[in-house]
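These notes concern the structure reproduced below.
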Amino acid sequence: PKPNIDPNAMLMKSYACQRRTPLKHHNSFLTDALEILAQNAEYNDNEGRSVAFRRAASVLKALPHRVKSMEDLRSLPCLGDHSQRVIKEILEDGSSREVESTRQSEQYQAIKALTGIFGVGVRTADRWFREGLRSPDDLIHTGQQLNRAQQAGVQYYDDLQKPVTKAEADVISDIVEKAVHAVLPGAEIQLMGGFRRGKEVGHDVDFLITHPEEGKEEGLMPKITNWLEEQGLLLYQKTTRNSYLEKMDGPARAPNNMDRFERCFSIFKLQASAESCTSNSTASVQDVSTGSETERHSDQHSEASDWRAVRVDLVVSPYSQFAFATLGWTGSKLFERELRRWAGQEKHMSLSSHALYDSKQNLYLRAKTEEEIFAYLGLEFIPPSERNA
Ligand code: ATP
Ligand code: MN
Ligand code: MN
């Protein structure tokens, strides 16, 4: 891999999609702190501020060395005054007062716990916080109205809090492959999201599904979920139909992250392997001893059970959009955001998970591979393992 810093110019590129960002880097002690401030800004509905902190953190992830002094930051892009102040304090004192007080704050902790529930976004969490609720247990005790997703989120809370391992993702890949091939032979399945970027754990497992014969993929999702349900492998699923129309969704549409593919947000019932069974029962002994937790646990599946709940996202894409969908569902979220910003601001193009539209030529640019999309955008190809911006 090429270094991120041009040895002559000593310039770090300013868009994350122009840089290589490996999974493991040298500055977690700074990026963790900046990302807490980013998270907190998001909780306070301040998106601009949140993105600023995330961009600052991302630049430090791309540095090939550990930051030792403020000198090391000279000529780095995206580091605003506020981020620099935080970094300086951490370098000098070992920690930042603002970060530590944010981390300790009741609001930060409550919104983090509440948005940690599947189906709960910042807006809902904030409303509950203002009503005095602080944790998933509070929701149960006060008998809050929950939608179907949130009910599942509360029911499987403990399992969904546990990171999904690559080994578990591989088992789920096999299951998804079996399901898809049972209902549509010849379909192609690709592991997406964090696991495609080389992560060893994730909060869910993401898959993209297509078929080389355009049209064959239509209406595929209900067939897949029916098959999975018949096998008793689904604890929850919500399928959304494809609503993409090139004419309406293309250049005119406001740039945002949501795509319109046929998709399914689900919770799988994953049979535990022999080892994870053992660690499961150890965990339950500890859990039972913490009094306040027991109520919710009575709602959970049996402590000694031989399965766990795992979040799985399934997306179906027409073959002609597969390269765009692949690029859009690989992440990281900041990398995606920066790609779209680059396309719009630097190239007068509009990028989504469906298509790339060139506003100057007034046409859609077709692509079969991610490499072609990077080329259209005038960017050096960045492989998935270096999109951990
Ligand atoms: P984690 O390990 O926490 O799951 P991740 O990078 O896989 O990390 P996800 O939230 O699973 O994070 O998202 C994976 C990718 O899918 C991201 O690139 C994101 O941009 C994309 N994505 C997620 N939700 C949507 C959505 N509703 N519409 C369009 N794209 C989405
Ligand atoms: Mn994911
Ligand atoms: Mn996901």
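The values are calculated or read from the model by the stated rules, or taken from the named source; none is laboratory data. Treat the numbers as computed from the prediction; the structure is a model and nothing was measured. Quick reminder, even Gly has a Cβ in these numbers, built from the backbone with ideal geometry, and neighbours come from all protein chains shown. With ligands, DNA and RNA removed, areas are computed over all heavy atoms of the protein, side chains included. Shrake-Rupley method; radii C 1.70, N 1.55, O 1.52, S 1.80 Å.
Where helices (runs of 4 or more DSSP H) fall wholly inside the stretch 1-118, the ranges with 2 or more residues that are under 30 Å from ILE267 (Cβ atoms) are 28-43, 47-61, 106-115. Just one of the listed residues (ARG66, ARG74, ARG55) is modelled with pLDDT under 95 and of a type in the set (Lys, Arg), and it is ARG74. If only residues of the stretch 339-368 that are touching a Ser or Thr at 6+ places or on another chain (Cβ under 8 Å) and assigned to a helix (DSSP H, G or I) are counted, the one that is least open to solvent (accessible area, probe 1.4 Å) is ALA343. When the residues of the stretch 145-184 are narrowed to those that are touching a residue at least 40 places away in the same chain (Cβ under 8 Å) and of a type in the set (D, E, K, R), which ends up most open to solvent (accessible area, probe 1.4 Å)? Selected residue: ARG148. Candidates are the residues of the stretch 312-338 that are within 16 Å of ligand 3 (Cβ to nearest atom), of a type in the set (D, E, K, R) and part of a helix (DSSP H, G or I); the one that is nearest to the chain's Cα centre (by Cα) is LYS333.
All of (1) away from ligand 1 (no atom under 16 Å from the Cβ); (2) farther than 25 Å from ILE36 by Cβ; (3) among the aromatic types (Phe, Trp, Tyr) hold for PHE207 with one exception: (1). The set of residues in the stretch 185-210 being more than 16 Å from ligand 2 (Cβ to nearest atom), crowded, with 19+ Cβ neighbours inside 10 Å and part of a loop (DSSP other than H, G, I, E, B) consists of ALA187 alone. The single condition among (1) more than 14 Å from CYS264 (Cα to Cα); (2) assigned by TED's automatic domain parsing to the domain that holds ARG308; (3) away from ligand 3 (no atom under 16 Å from the Cβ) that ASN147 does not satisfy is (2). Condition (residue is out of contact with any Asp or Glu (no Cβ under 7 Å at 6 or more places or on another chain), open to solvent by 40 Å² or more (accessible area, probe 1.4 Å), not small (Gly, Ala, Ser) and not in a helix (DSSP H, G or I)) applied to the stretch 123-137: is it met by at least one residue? The answer is yes, given that some residue of the stretch 123-137 is out of contact with any Asp or Glu (no Cβ under 7 Å at 6 or more places or on another chain), open to solvent by 40 Å² or more (accessible area, probe 1.4 Å), not small (Gly, Ala, Ser) and not in a helix (DSSP H, G or I).
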